[in-house]
Structures are given as C-alpha cells and as structure tokens.
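Novice: Below is a structure I'd like to ask you about.
The values are calculated or read from the model by the stated rules, or taken from the named source; none is laboratory data. Keep in mind the model is a prediction, meaning the values are calculated, not measured. Using ideal geometry, Cβ is built from the backbone for each residue, glycine included, and neighbour counts are taken over all protein chains shown.
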Amino acid sequence: MYSIDDYDYHLPEENIAQHPVAERDRSRLLVVGREDGSLRHGHFNDLPEHLSPSDVLVVNNTQVIPARLLGKKETGGRVELLLLDFTPDKARSDDRGCLEVDCLVKASKRPRVGSRFIFDAGMTAEVIGSEGMRHQVRFSYDGDFESLLSRIGKVPLPPYIRRQNGDETFDDHTTYQTIYASQKGAVAAPTAGLHFTDNTLGKLRKKGVKIVEITLHVGYGTFSPVRVSDIRRHAMHSEWFSIPERTASTINRARQAGHRVVAVGTTCVRTLEFSSTAGNTVSAGSGNCDLFIYPGYDFKVVDAMVTNFHLPKSTLLMLVSALAGRQNILHAYRTAIEEGYRFYSYGDAMLIK
C-alpha cells in the first residue's frame with residue numbers, strides 16, 4: 001500500500017486526451033461506489049441524478065493565468081519560462097516597472113545568475129538567483145505586467161498534451177478554464193471542474209444542491225513525480241488557498257445535519273481536509289496547503305468527489321485511492337481503459353460516491 005509501484009498501471013497512448021470534447025458536459029462519467037467498488041457508466045450531464053438535494057458541492061474558482069513565456073537569450077537561443085508564484089495582487093504592488101517571480105527556465109543550458117532574456121512587447125528578464133530547478137527572475141517592462149502577460153503569455157498546458165504546430169482548432173485560453181474561474185493565480189486547471197456547464201450547474205441548483213466555492217491556486221508541483229519508493233517519504237508541494245466564511249458555514253451546517261460534502265477535484269479535497277478542525281468542521285481563512293493524502297488517511301470533511309483520471313504513480317491517484325480504496329480505483333481504471341475512456345486533463349470524469 002505504501003510502495004510507489006502499488007500505484008502503477010499501463011495506459012495506451014491513444015487514451016490520453018489531446019483535446020476537450022465539443023460540449024463540456026458530454027464527457028463520459030464513470031460512477032464508482034466508494035464502499036463496494038461498483039461501476040456505472042454514463043455522461044457528465046447525468047451528474048444531477050447522482051446527487052441529493054441536501055448535498056453541498058464544493059468547487060475551486062481558481063483561474064489559470066497565461067504563465068508560459070517564450071523568448072530568446074541575448075545570444076539568440078530560445079528560452080521558455082514558466083511563472084510559478086505570480087498573482088495579480090503581486091503585480092499591482094509593484095510600481096517600479098520590474099517584478100521578481102520564481103520561474104522554471106527551459107533553455108539549451110542551465111541559466112546562470114545574470115543571464116538575460118528578451119520577450120515580445122519590450123519585456124526583458126534577468127536571473128537573479130537559483131535554488132534547485134527554481135530560478136528567481138526579475139522582469140523589466142513598460143506598463144502593467146498582468147496586461148502584458150495576457151498579450152504575450154501562453155496557457156501552460158500539461159506536458160502530456162502534445163500539439164502539432166499550427167493546431168488552433170481549440171482555444172485553450174477558454175477550454176483549459178472552468179466556467180466559474182474568477183481568482184487568477186493557477187498555472188494548471190482544476191480539471192475536474194472543466195466538465196461543468198451553466199446547464200449542469202442550473203440543474204444541480206434546481207434540485208436543491210448547494211454550490212459553494214473555495215480557491216486553491218494549482219501550482220506546477222501538481223505535475224511533480226513522486227521520486228521515493230516509499231510514498232510516505234514524499235514531500236508534498238505547497239499551494240495557496242482561501243476558504244470564504246460563507247463556504248465554511250454552509251459546509252459545517254450540512255455536516256451537522258448529516259448531509260454529504262461533495263468535492264470537485266483533488267484541490268478541493270486537499271483544501272477542505274487541510275482546513276478541518278478537531279471537530280471535523282471547516283475553518284474559514286487562507287494559507288498554504290501541503291497536505292498529502294494517501295491510503296490510510298481518515299477523511300474528516302469530504303464524503304464524495306468528482307475527479308478526472310490521473311497519471312500512474314501520482315499523488316492524485318493516491319488521493320482517490322485513499323477515498324475509494326486502491327483496488328477499487330485500479331479496477332475502475334482498468335475498466336475505463338477497456339471501455340475507451342479519455343484520460344487526464346481534457347479527459348473524462350469519475351464520480352466517487
């Protein structure tokens with residue numbers, strides 16, 4: 001249960017979704033029984049049928065920023081930067097035409113302190129420090145950094161989405177974003193939420209399901225592999241979160257009445273469990289969440305969840321295994337592969353209930 005190899009499975013390349021479905025809520029939905037591992041096939045717009053009027057549905061309203069910058073070194077070579085800790089508040093606090101941000105830097109050679117890069121719209125950058133793979137970069141520019149980023153930045157799609165040059169069939173600025181995204185700061189989408197449409201949310205509200213929001217800015221660490229053989233030794237990345245008072249009180253009232261809390265995505269699960277108190281209630285507030293959930297974890301708040309299909313040996317696969325049981329999840333994944341489900345960010349969905 002604690003070996004990294006216990007969370008491995010083979011996924012054929014053709015099961016990795018490279019594009020979203022034409023209609024978000026027409027993706028497929030595999031419903032997994034948390035207790036017995038039972039499986040039921042359907043589509044995401046069937047979700048209201050599986051929830052009760054007393055349920056509370058928790059969504060993550062983080063918004064993906066165009067955090068990928070393509071430029072060149074002073075010597076002319078290509079360089080690619082991924083912003084790791086940028087939020088609009090940080091940009092607004094700067095009034096000197098420069099901004100320091102931690103970045104990942106992809107270039108032919110590891111950049112040194114003092115390395116300079118050139119981007120479109122007159123933006124330049126200089127490496128002023130390094131720690132491991134993270135580089136502290138000072139950007140210089142004219143105008144507003146957030147506006148420049150929206151002009152020249154690109155959506156930081158996951159590495160397993162491989163597009164051919166010139167493929168503009170889908171607008172990733174829109175499709176790699178939930179319809180309720182409002183708080184800018186993520187470098188990856190909370191992908192379980194990509195399936196929701198106004199129609200599906202309307203049906204849920206009409207049924208009586210209460211929908212509340214939290215914010216967790218998904219960081220690059222969500223793609224970081226587990227590099228230890230014993231998963232208990234893995235150090236989880238930290239991500240900023242916020243839980244409004246209304247969200248906390250709605251969840252706590254539901255729990256006191258014995259009603260279910262249904263989390264949309266692993267980000268919501270981790271945020272709610274991290275913020276749980278000794279009495280299994282949720283505290284409002286903000287901070288940095290580094291909770292690592294794996295089998296053996298005792299859930300305090302979350303009763304069910306909507307999720308996508310996750311990479312082998314990933315912390316996300318370990319989290320869903322903690323909720324539904326490792327064998328149940330691996331059986332569900334094998335079945336999904338056999339049935340041609342689409343995996344990962346632009347793929348199909350699973351409901352664990």
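Novice: It is to be established whether one or more residues within the range 50-58 are acidic (Asp, Glu), modelled with pLDDT of 95 or more, part of a loop (DSSP other than H, G, I, E, B) and in the same structural domain as residue 336 (by TED's automatic domain parsing).
Specialist: Yes: the range 50-58 contains one or more residues that are acidic (Asp, Glu), modelled with pLDDT of 95 or more, part of a loop (DSSP other than H, G, I, E, B) and in the same structural domain as residue 336 (by TED's automatic domain parsing).
Novice: Right, next: Take residues that are more than 25 Å from residue 237 (Cα to Cα) and among the hydrophobic types (A, V, I, L, M, F, W, C) and tell me which of the helices (runs of 4 or more DSSP H) falling wholly in the range 111-222 contain 3 or more.
Specialist: 145-152
Novice: Evaluate the following for residue 109: is it free of Cβ contacts under 8 Å to residues at least 12 places away in the same chain, surrounded by 15 or more Cβ atoms within 10 Å (Cβ to Cβ) and more than 30 Å from residue 252 (Cα to Cα)?
Specialist: Judged against the criteria, residue 109 is not a match.
Novice: Tell me, which residue of the range 71-110 that is outside any loop (DSSP other than H, G, I, E, B) and of a type in the set (Gly, Ala, Ser) is modelled with the highest pLDDT?
Specialist: Result: 71.
Novice: If you don't mind, another one. Check residue 55 against each of (1) without any contact (Cβ under 8 Å) to a residue 40 or more places away in the chain; (2) surrounded by 13 or more Cβ atoms within 10 Å (Cβ to Cβ); (3) of a type in the set (Asp, Glu) and name the one condition it does not meet.
Specialist: (1)
Novice: Let me ask something else. Considering only strands (runs of 3 or more DSSP E) fully contained in the range 244-313, which possess at least 3 residues that are of a type in the set (Gly, Ala, Ser), farther than 13 Å from residue 59 by Cα and out of contact with any His (no Cβ under 7 Å at 6 or more places or on another chain)?
Specialist: Filter on the range 244-313 gives 285-289.
Novice: Of (1) within 17 Å of the chain's Cα centre (by Cα); (2) surrounded by fewer than 22 Cβ atoms within 10 Å (Cβ to Cβ), residue 298 satisfies all except one. Which?
Specialist: So residue 298 meets the others, but not (1).
Novice: Check residue 172 against each of (1) surrounded by fewer than 22 Cβ atoms within 10 Å (Cβ to Cβ); (2) over 29 Å from residue 157 (Cα atoms) and name the one condition it does not meet.
Specialist: (2)
Novice: Evaluate the following for residue 10: is it modelled with pLDDT of 95 or more and in contact with a strand residue (DSSP E or B) (Cβ under 7 Å, 6 or more places away or on another chain)?
Specialist: no
Novice: Could you tell me whether the range 158-175 includes any residue that is of a type outside the set (Ser, Thr, Tyr), out of contact with any Phe, Trp or Tyr (no Cβ under 6 Å at 6 or more places or on another chain) and modelled with pLDDT of 95 or more?
Specialist: Within the range 158-175 (the criterion being of a type outside the set (Ser, Thr, Tyr), out of contact with any Phe, Trp or Tyr (no Cβ under 6 Å at 6 or more places or on another chain) and modelled with pLDDT of 95 or more), the answer is no, since none of the residues qualifies.
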